[in-house]
Structure formats: C-alpha cells, structure tokens
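S.K.: Quick one: this structure, given as structure tokens, is what I'll be asking you about.
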Amino acid sequence: MSKKNYAGIPDKYARIDEAKVVLIPVPYDGTSTWQKGADKGPDAFLDASENMELYDIETNTEVYKKGIYLAPPVTEDSSPEKMVEAVYKTTKNYIKQEKFVTLFGGEHSVSIGSIKAFNESFSDLTVVQLDAHADLRPEYEGSTCNHACALHEASKNTNLIQIGIRSMDISEKEHMDENQVYFAHDLYEDWQDDAIGQMTPNVFITIDLDAFDPSIMPSTGTPEPGGLFWYETLEFLKTTFKKKNVVGFDIVELCPDQKEKSSDFLAAKLYYKMLSYKFKYQNFTEEDEDE
C-alpha cells in the first residue's frame, strides 16, 4: 500500500523537499496509568484530517499549500527512555532541515523528547503547556520518562508556563513556579495577556488534549472536569502566534473511541488551526501571498 499524505493533500504539497511543515506521528502508549489507547491517537487524527475542509474561514487561507510532509512514525516502544531518545533524534533531524516541526502523539511522555530537541535548537525557549495535569514528577513508576514526568525537565531547563492545570500531586508543588501557572479554577478575564507577557520570544507549545473540558473533548486517557473551551483556546493560541515566534508544537493524548468521533475532529481542526495561525501571522512574505 502506498503511503498516504496528510489530509489527503496532493503529492506536490506533501514532498519533504518542498514542504515547510513536518508532521511526526508517535503512536506510543507505554506508560499511561488509566485508560489505554493513546497509541491509536495518530491514526484517528489522520483519518479525521482526511475528512476535514482545508480552507480555513477565519484566516482566509489554505495552509496545506505551504507543504506538509507526513514523516514516518516513530515506533520505538521497547522502553520509555528509548522512545524519548528516538523522538528527540527524529525531531532534531527535521529542525536541522529548517522545517517547522510538529508532532502528534501518543501519550505526553512523547514531549520529553520533542522539548529537548527544540530547547537545544532555539535560544531562551518558553514552553507553553496546555494540560489538565501538572506532569512535574521527577520520576514515576520507576522511570523519568513517564507521562507524569512529561514537563519536569522543561520546568528546570526552559521558561515553562502551565495553563488549565486542575489535577496534581502535592509533591509536584516544589517543581512548580506558581507565578507561571494558570490553574483552571483561577482563569480570569485577563489571564491570556498575563501569560503571553511572561513568554520569551521563542515559544514551543505542547497541548495535552485533556486540557479541554471533557464536554467537548471526552476521548482522552484521563478526562478532568472544568477544562478549557474551543474559542477561548483558539484566541489564546492566535494571540501567541501573533506576538511570539512559535518554533514548533506537539499535540498528545487523543485516546480515540470508535463511537465518538468529535474528539478526533477537534484534534484535527486544532492542528490545522495552529498551522493556519503560524503561516498567517509569522514569516509572511509577498511570495507567500501569491501562493
């Protein structure tokens, strides 16, 4: 069987030599501790993307024409540590090719590898985490590469801003800068401006889909009540892309349900929206306008 293109786009927009964007699927679910199934997330996301309209009304763009290369999936699963190393090496390779690199997991431990690659490649990096869970444990169940540890290294080595947090262990507080945490129960009218004001120029965004309220995003491994909603999230992301240099992003923790497809489509639309914002508001040239 021939390899499919992202969203079924024509081959001329899907070739690595021409594409400005690289999408790396990471179908890994080795450390999740409740519902399994995040390893099926990339396929569900890609299937939904094939059934999505590729004209974005809000930005009046067809961002796929910038070129989106669907990379071979990272399938290393012999241990969490080896998976993280494989994600790191793959991500770093495409960054070196001057691509806008994106990833779709898999569980959140995937982000340990992606964040390491971006932090080595871009100076003074801010990591913006949208998530229900703090994920700041130094180690969990015998591994530093557990999903519960996904942002621990970033908390020490980057400027970490956490948004939507509403579930954590008390032990994580010692690794948390509460001045840069926007707990779900405290989100107030001006939180978005405050959070963006704390960012450095270079930003990497990691989105655990359980950041969203389960009323609009039920298909995650650990849904938590009281999450973010669609348009407030898009407004925050759009403003971030306008004001900062977003160098890449990943989306994780889609745990698909065969009877509930709306979550798959939310993930697909979110990914495409973020690309639309990237190329609408950053690196814009007259040549781009003519494409």
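S.K.: All but one of (1) on the phi < 0 side of the Ramachandran plot; (2) touching a residue at least 12 places away in the same chain (Cβ under 8 Å); (3) acidic (Asp, Glu) hold for Asp190; which doesn't?
M.R.: (2)
S.K.: Of everything in the range 64-108 that's among the small types (Gly, Ala, Ser) and surrounded by 24 or more Cβ atoms within 10 Å (Cβ to Cβ), which residue is modelled with the lowest pLDDT?
M.R.: Among those residues, the one meeting the criterion is Gly106.
S.K.: Within the range 268-291, take every residue that is among the charged types (D, E, K, R) and modelled with pLDDT of 95 or more and give me the one that is farthest from Thr61 (Cα to Cα).
M.R.: Only one residue fits best here, namely Lys269.
S.K.: OK, next. Are any residues in the range 43-82 more than 25 Å from Pro256 (Cα to Cα), polar (S, T, N, Q) and in contact with a helix residue (DSSP H, G or I) (Cβ under 7 Å, 6 or more places away or on another chain), and if so, which ones?
M.R.: Across the range 43-82, the qualifying residues are Thr59, Thr61.
S.K.: Among Tyr231, Tyr140, Tyr188, which is the only one that is hydroxyl-bearing (Ser, Thr, Tyr), in contact with a helix residue (DSSP H, G or I) (Cβ under 7 Å, 6 or more places away or on another chain) and over 22 Å from Leu103 (Cα atoms)?
M.R.: Matching residue, one of Tyr231, Tyr140, Tyr188: Tyr140.
S.K.: Something else about it: Answer yes or no: is there a residue in the range 16-25 that is closer than 28 Å to His147 by Cβ, in a loop (DSSP other than H, G, I, E, B) and over 19 Å from the mean Cα position of the chain (by Cα).
M.R.: no
S.K.: Just to be sure I understand, how many residues within the range 243-262 are within 17 Å of Leu209 (Cα to Cα) and touching a Phe, Trp or Tyr at 6+ places or on another chain (Cβ under 9 Å)?
M.R.: 7
S.K.: Restricting the search to the range 1-52, which residues are buried (at least 20 other Cβ atoms within 10 Å of the Cβ), among the hydrophobic types (A, V, I, L, M, F, W, C) and at pLDDT below 90?
M.R.: Of everything in the range 1-52, just one residue is buried (at least 20 other Cβ atoms within 10 Å of the Cβ), among the hydrophobic types (A, V, I, L, M, F, W, C) and at pLDDT below 90, namely Ala38.
S.K.: Kindly indicate the residue of the range 252-267 that is at pLDDT 95 or above and outside any loop (DSSP other than H, G, I, E, B) and also surrounded by the fewest Cβ atoms within 10 Å (Cβ to Cβ) among those meeting that condition.
M.R.: Ser262
S.K.: Count, please, the residues in the range 223-251 that happen to be of a type in the set (Val, Ile, Thr), in contact with a strand residue (DSSP E or B) (Cβ under 8 Å, 6 or more places away or on another chain) and surrounded by fewer than 17 Cβ atoms within 10 Å (Cβ to Cβ).
M.R.: Final tally of qualifying residues: 0.
S.K.: Given the structure, is Tyr88 of a type in the set (Phe, Trp, Tyr) and in contact with a strand residue (DSSP E or B) (Cβ under 6 Å, 6 or more places away or on another chain)?
M.R.: Criteria not met by Tyr88.
The values are calculated or read from the model by the stated rules, or taken from the named source; none is laboratory data. Computed from a predicted structure; not experimentally measured. Backbone-built Cβ (ideal geometry, glycine too); neighbour counts: all protein chains shown.
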